Each structure stands twice: as structure tokens, then as C-alpha cells.
Amino acid sequence: MKIGLFVCDCGRNISGTIDNEYVINYFSQKPEVHVLRDQYLCSESGVNKVIDELTTEKIDRVVIAA
């Protein structure tokens, strides 16, 4: 099982409130978790990054933190 954790900063809306660095550092230590961070996951380029990671990293579980 491989989990994809996709963390969105939403500009500064989320990253100004939640410590995304802590979340990323914590989950990056787990071998079954692949983490991707983006400023705007809801944008077309953000969605394309998620799709690419799902394929290239063979992710079968998804968590979107946005």
C-alpha cells in the first residue's frame, strides 16, 4: 500500500494557519507515504501534478490536505 499525501498551501490561506512543514516532515518519515506540496492544488497545474504522482509513484490511497 502506498499513500499519497497532497498538501496545499492555498497561497497563504492554509500555510498561514497550519504548520505544513511539520505535517510534511512528520509524514515524509513514513516509507509508505509519498508527500507532494503545492501552492494551489486546485489549479490546473496542481491537479496535473496529483495525476502524475498517482501514476509515477503507484499510489493507491489518497489524502488531500487543503
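Rule-based calculations on the coordinates, nothing more; no lab input. From a predicted model like this one, the values you see are computed outputs, not experimental measurements. When we count neighbours, we look across all protein chains shown, and the Cβ atoms used for this are built from the backbone with ideal geometry, even at glycine.
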Handout entry: Zone of ILE18's modelled label, taken as backbone nitrogen in the stretch 28-51 under 15 Å from a point 7 Å along Cα→Cβ
Key = 28, 35-42
Exercise for the section: Work out the FRET efficiency for ALA66 and MET1 from their Cβ-Cβ distance, taking R0 = 25 Å, and round it to the nearest 0.05. Expected result: 0.65
Completion exercise
Hull volume per residue for the chain, using the convex hull of the C-alpha atoms, in Å³ is 64
Exercise for the section: Return the sequence-ordered ³J(HN,Hα) values of the stretch 58-66 in whole Hz as given by the Karplus equation 6.51 cos²θ - 1.76 cosθ + 1.60 applied to θ = phi - 60°, using x for Gly and Pro. Expected result: 6, 7, 10, 9, 10, 10, 10, 9, 9
Exercise for the section: With θ set to phi - 60°, apply the Karplus curve 6.51 cos²θ - 1.76 cosθ + 1.60 along the stretch 22-37 and write out the HN-Hα couplings as whole Hz, x wherever there is a Gly or Pro. Expected result: 4, 4, 5, 4, 5, 6, 5, 6, 8, x, 8, 10, 10, 10, 10, 10
